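As structure tokens, the structure follows; a few thoughts come after it.
Laboratory data are not the source of any read-out in this text; all were calculated from the coordinates shown. This is a predicted model, so every value here is computed, not measured. Cβ atoms come from the backbone with ideal geometry, glycine included; neighbour counts cover every protein chain shown.
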Amino acid sequence: MTDEAPLRRRDAPDLAGDGPHDVPPDPTEPGGPVPLTAPREGTPRPVEADDELADVVARMAAGSGPVAVDAERASGYRYTQRAYLVQLRRAGAGTVLIDPLPQADLRTLDAALADTEWVLHAASQDLACLAELGMKPRRLFDTELAARLAGFERVGLAALTEQLLGYTLEKHHSAADWSTRPLPESWLTYAALDVELLTDLRDHLAAELERQGKTAWAAEEFAALVASADRPPRLRPDPWRRTSGIHRVRGARAQARVRALWYARDGVAARRDTAPGRVLPDSAIIAAAELDPKDERTLLAMSGFGGRSVRRLARVWLDALDEARALPDAALPVNQPVDGPPPPHRWAERDPVAAARLARCRQVVVGTAEAHNLPPENLISPDFVRRLAWAPPDEVTPQTVGDTLRGFGARAWQVGLLADELAKALPEPPAV
């Protein structure tokens with residue numbers, strides 16, 4: 001197979017104009033966006049057997065240029081975030097769909113692509129599940145992040161493909177249960193199209209970043225993503241505290257009921273490989289924590305406990321509530337000290353001077369972001385700004401501010417844009 005020419009409509013928007021994102025063609029007018037309904041070489045059958053995978057490895061190794069990579073999970077259906085389908089496309093190799101379930105791992109494929117730039121959209125969503133399969137990029141280009149840095153307002157894959165390439169993509173299978181087997185043909189076509197235009201999109205966005213003088217910024221961001229793939233996932237302390245609606249639960253004993261029900265549900269979900277919310281909704285946990293039902297009849301009369309599968313587990317939920325009821329006071333949950341500043345809405349009450357300092361720093365960030373056509377959250381993490389404003393360095397200078405931001409994890413380009421102005425904003429202005 002020969003290298004393919006970039007797929008782009010002749011009447012697609014030209015990025016050489018004055019703005020970073022020109023108005024896309026009107027779909028109702030001639031030359032408007034064209035629906036892309038099938039891959040160029042047709043929809044491939046998922047690779048399952050070892051010999052088929054070996055052939056894919058050889059094809060990808062013989063290809064040229066970047067490789068487009070995507071993965072489909074079963075979020076909302078399964079307990080884990082594993083990949084249930086991996087899609088790749090590379091010039092000279094075409095599009096490949098891999099069913100990872102029959103494979104021990106994909107390390108041979110990873111080795112074949114070791115020197116290749118990977119192109120992903122919203123890479124942070126897929127890097128962890130790809131790493132579970134032994135696939136970790138050494139270089140990558142994230143089209144969503146690139147679009148954010150270039151100042152695009154709509155950064156979804158379908159929106160960018162329409163705006164820059166003149167083709168529309170259907171996204172109606174994005175929330176499907178990808179653990180389904182066999183996968184329907186329409187789903188496979190959808191999955192193949194997710195990588196069909198990704199390298200073309202990469203080229204257009206790279207040119208736009210170059211035009212705006214942001215190529216080096218993007219390189220730092222992409223390198224940080226690559227580094228994140230080698231870090232183990234961060235485990236949240238007390239994950240039960242993230243139960244939706246927990247702010248309504250008053251008292252340590254009631255919080256203990258949330259905790260007991262959360263871990264009971266998590267155990268069932270893990271054993272069944274089912275998303276926890278499909279075992280028992282958060283709303284049911286909160287309701288039971290507030291009312292503390294002591295018998296099956298009362299429990300099953302409550303909202304969220306009426307489903308057949310939930311009723312079968314009534315004894316599990318009642319045992320969890322019994323366990324929380326029997327805890328001594330010393331074993332009840334206690335609020336852990338917060339690592340970092342308090343929520344911003346409490347600053348004015350706890351430290352008005354720090355609250356004013358944060359407001360000045362935010363003005364700097366917003367103004368700098370506007371000047372460089374960036375979302376403020378991509379210019380600098382809001383958490384970094386809060387931590388700096390809450391506890392600035394003893395001696396405020398551009399150097400100490402920059403060192404502080406770097407210690408939080410800010411990249412060099414972010415420090416370069418902000419350190420001087422933040423150093424001016426941190427000290428309280430003299431009284432007039």
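Out of every Cα-Cα pair that region 165-303 contains, those further apart than 19 angstrom amount to 72 percent. In this calculation the C-beta distance from ALA431 to GLN336 is compared with R0 = 35 Å, giving a FRET efficiency of 0.35. The calculated P(r) of region 331-409, using every Cα pair and 10 Å bins from 0, goes 16, 44, 29, 7, 2, 0 in percent. If you take the Cα centroid of region 393-432 and the Cα centroid of region 58-72, the two points sit 42 Å apart. Given the options LEU358, MET302, PRO376, identify the residue whose Cα lies farthest towards the positive end of the charge dipole of region 290-429 (+1 on Cβ of Lys, Arg; -1 on Cβ of Asp, Glu). The one lying farthest along the dipole's positive direction is MET302. Relative contact order, whole percent, for region 81-207 stands at 27, derived from Cα pairs under 8 Å and 6 or more residues apart.
Divided by 2.2 N^0.38 Å, where N counts the residues, the Cα radius of gyration of region 239-331 comes to 0.98. The dipole here belongs to region 34-228: it is taken about the Cα centre, uses +1 on the Cβ of Lys and Arg and -1 on the Cβ of Asp and Glu, and is about 240 debye.
Tell me the Kirkwood hydrodynamic radius of region 34-228 in angstroms, computed as one over the mean inverse distance between distinct C-alpha pairs. When all Cα pairs of region 34-228 are included, the Kirkwood radius is 16.9 Å.
Near GLU117, the amide H atoms lying under 5 Å from its own belong to VAL67; only residues 5 or more places off or on other chains count, and H is placed 1.01 Å from N.
Please give the peptides 229-235, 108-114 ranked by average Cβ packing (other Cβ atoms within 10 Å per residue), highest first, as a rough proxy for protection. Please report the intermediate quantities before stating the final value.
Numbers: 229-235: 9.1, 108-114: 17.7.
Result, highest mean first: 108-114, 229-235.
On a C-alpha basis, how far is the centre of region 267-315 from the centre of region 317-392 in Å? Whole number, if you could? Comparing the Cα centres of region 267-315 and region 317-392, I get a distance of 31 Å. Counting only Cβ charges, +1 for Lys and Arg and -1 for Asp and Glu, the dipole size of region 334-401 around its Cα centre is about 160 debye. For region 302-310, 3J(HN,Hα) computed residue by residue from phi via the Karplus equation (6.51, -1.76, 1.60; θ = phi - 60°) reads 7, 4, x, 10, x, x, 4, 5, 5 Hz, glycine and proline entered as x. Using Cβ point charges alone (K and R +1, D and E -1), the dipole size of the chain about the Cα centre works out to roughly 2000 debye. Projecting the Cα atoms of THR199, TRP217, VAL249 onto the dipole axis of region 132-269, where Lys and Arg carry +1 and Asp and Glu carry -1 at the beta carbon, places VAL249 farthest toward the positive end.
The amide H of THR168, built 1.01 Å from its N in the peptide plane, has VAL34, LEU36 as neighbours under 5 Å, considering only residues 5 or more places off or on other chains. Cα centroids of region 226-264 and region 148-224: 32 Å apart. Using a/c under 1.5 as the rounded threshold, could you call the chain rounded, prolate or oblate? The axes a ≥ b ≥ c are square roots of the C-alpha gyration tensor eigenvalues, and prolate needs a/b larger than b/c, oblate otherwise. It is oblate, given that a/c is not under 1.5 and a/b is not larger than b/c. Could you please report the charge total around ARG259, scoring K, R as +1 and D, E as -1 over all other residues with beta-carbon less than 12 angstrom from its beta-carbon? Surrounding charge for ARG259 is +2.
For the chain, what does the relative contact order come out to in percent, with C-alpha contacts under 8 Å and a separation of six or more? Walk me through the numbers before you get to the answer.
Values: 618 pairs, mean separation 62.3, N = 432.
Value for the chain: 14 percent.
Per residue, the convex hull spanned by the Cα atoms of region 270-385 measures out at 197 cubic angstrom.
For a quick check of your reading of the filter: which GluC sites (Glu not before Pro) in region 67-159 sit in a DSSP loop and have no more than 16 other Cβ atoms within 10 Å? If you can, show how the numbers build up before the last one.
Numbers: sites: GLU72, GLU117, GLU132, GLU144, GLU153; in loops: GLU153.
Qualifying residues, ordered by number: GLU153.
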